[in-house]
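Below is one structure, written out as structure tokens; the observations come after it.
What follows draws every value from the coordinates through simple rules; no lab data is involved. None of the values given here were measured: they were computed from a predicted structure. Here the Cβ is made from the backbone with ideal geometry for all residues, glycine too, and neighbour counts use every protein chain on show.
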Amino acid sequence: MTASVTIWLFALGSVFLVSLVSLVGIVALSFGMENVKKWLLLFVSFSAGTLLGDAFLHLLPQVTEQKGFSLSVSFGVLAGILVWFVIEKFIHWHHCHHEHEFDEDHVHPFAVLNLIGDFVHNIIDGMIIAASFVVSVPVGIATTVAVVLHEIPQELSDFGVLLHGGLSRGRALFLNFLSALGAVLGAIFALFVAGQIDGVVYLFLPFAAGSFIYIATADLIPELHKDSRVGESIKHLVSLLGGIVVMALMLFLE
């Protein structure tokens, strides 16, 4: 399945938009991190819903319609889950291992590792978005929406980590944006490969679904359980369902 010029434009424009989300730290600086935290969990729950909705309503149906629910699909989903498990284990281990060395006047090693991990994360996001556009523009748009909504709380968290790691606000924003441009590299790679190897996007899609399922269930939903108040829990559930509904409504674009 060769990517046309239109698909290249859609995919590269979308990943550049995703990269701009890395500058969301400016919002935190403008309104104050404490004010941002008040509504951050609603973003997290909505993001979890969009990721699950995109995985189960867009990505997996697309690949199974073309290839059936074969073992290759199952292995692709498992690969997406395992890759993210390994990446996060690596980052978290180094974060905890060096945490006691924190010094306000020194750039902490975990800040550098966070940037590296985020760069790899963004490369994979770019590949996923590009592969989705190769399948169809509506699937690409749905995946971009899911990634953007996930990136908002993620980038706020990364910005906080970089500040805690000893970087100045300006330097943290700049380096976070450079890291986010990894999505452009990932998209270019995926589009190039799609033009050389027919059907390769149907290997990307199960991997993307597994990635989204892991991020939603292992990263985002556990954050929601930290606030067990009934009122907040109901808000989180409604927001989670709202994310799924948005992805369901986007099926009408296909």
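With a ≥ b ≥ c taken as the square roots of the eigenvalues of the C-alpha gyration tensor of the chain, please select rounded if a/c is under 1.5 and otherwise prolate if a/b is larger than b/c or oblate if it is not? Before the final figure, lay out the partial values.
Values: a/c = 1.76, a/b = 1.39, b/c = 1.27.
Judged from the Cα gyration tensor, the chain comes out prolate (a/c at least 1.5, a/b above b/c).
So how many Lys-Lys pairs in segment 5-253 land under 19 Å Cα to Cα, not counting same-chain pairs under 8 apart? Before the final figure, lay out each step's value.
Numbers: LYS37/LYS226; LYS37/LYS235; LYS38/LYS226; LYS38/LYS235; LYS226/LYS235.
The number of close lysine pairs in segment 5-253 is 5.
How far is the Cα center of segment 115-186 from the Cα center of segment 1-80, in Å?
Measuring centre to centre over Cα atoms gives 10 Å.
Among the helices of the chain (complete DSSP H runs), which have Cα atoms covering no less than 24 Å along the helix axis and a Kyte-Doolittle mean of at least -1.0?
33-53, 71-97, 109-135, 137-164, 230-249
For n ≥ 4 DSSP H runs only, could you compute -39500 (n - 2.57) per run for the chain, divide by its residues and tell me the 222 nm figure to the nearest 500? Please report the intermediate quantities before stating the final value.
Details: 12 runs with 199 residues, N = 254.
Helix contribution divided over all residues of the chain: -26000 deg cm²/dmol.
In which sequence would GLU88, GLU65, GLU155 go, from the one with the fewest C-beta neighbours within 10 Å to the one with the most? Could you put the intermediate results ahead of the total?
On the way: GLU88 16, GLU65 9, GLU155 25.
Lowest count first: GLU65, GLU88, GLU155.
Would you be so kind as to identify which of GLN66, ILE7, LEU224 lies farthest towards the positive end of the dipole of the chain, taking Lys and Arg as +1 and Asp and Glu as -1 on Cβ and the Cα centre as origin?
Going by the charge dipole, the pick is GLN66.
Give me the number: length gained by fully extending ALA79 to GLN196, i.e. 0.36 nm times residue separation minus the C-alpha to C-alpha distance, one decimal in nm. Show your work: numbers first, answer last.
On the way: separation 117, 0.36 × 117 = 42.12 nm, distance 2.24 nm.
Full extension of this stretch gives 39.9 nm more.
I want to check the label-to-label distance for SER30 and ALA218. Put each point 7 Å from Cα in the C-beta direction and report it in nm to one decimal.
3.5 nm
Rounded, prolate or oblate: which fits segment 132-172, taking a ≥ b ≥ c as square roots of the Cα gyration tensor eigenvalues, rounded meaning a/c under 1.5, else prolate when a/b beats b/c? Mind showing how you got there, number by number?
Values: a/c = 5.28, a/b = 3.60, b/c = 1.47.
Taking the square roots of the gyration eigenvalues as a ≥ b ≥ c, segment 132-172 is prolate.
Starting with the fewest neighbours, write out PHE252, PHE119 ranked by other beta-carbon atoms found within 10 Å of each beta-carbon.
Working: PHE252 7, PHE119 18.
Ranking PHE252, PHE119 by Cβ neighbours within 10 Å, fewest first, gives PHE252, PHE119.
By the scheme Lys and Arg +1, Asp and Glu -1, what is the net charge of all other residues having a beta-carbon under 11 Å from that of LEU20? Don't skip to the answer; put the middle values down first.
Details: positive: none; negative: GLU151, GLU155.
It works out to a net charge of -2.
Quick one: which of 12-23, 143-154, 183-194, 67-78 comes out on top by average Cβ neighbours within 10 Å, and what's the full order, highest first?
Working: 12-23: 19.7, 143-154: 24.0, 183-194: 21.2, 67-78: 14.8.
Ranked from most to least packed, the peptides come out as 143-154, 183-194, 12-23, 67-78.
Fully extended, how many nm does the chain gain between ARG229 and SER136 (0.36 nm per residue separation, minus their Cα-Cα distance)? Can you show the working numbers first?
Details: separation 93, 0.36 × 93 = 33.48 nm, distance 4.14 nm.
Residue separation times 0.36 nm, minus the Cα-Cα distance, leaves 29.3 nm.
Relative contact order for segment 5-253: what is it in percent, counting Cα pairs under 8 Å that are at least 6 residues apart? Don't jump to the answer; show the numbers that get you there.
Numbers: 356 pairs, mean separation 108.4, N = 249.
In percent, rounded to a whole number, it is 44.
Please arrange LYS226, LYS235 by counting, for each residue, the other beta carbons lying within 10 Å of its beta carbon, fewest first.
Numbers: LYS226 8, LYS235 17.
Neighbour counts put them in this order, fewest first: LYS226, LYS235.
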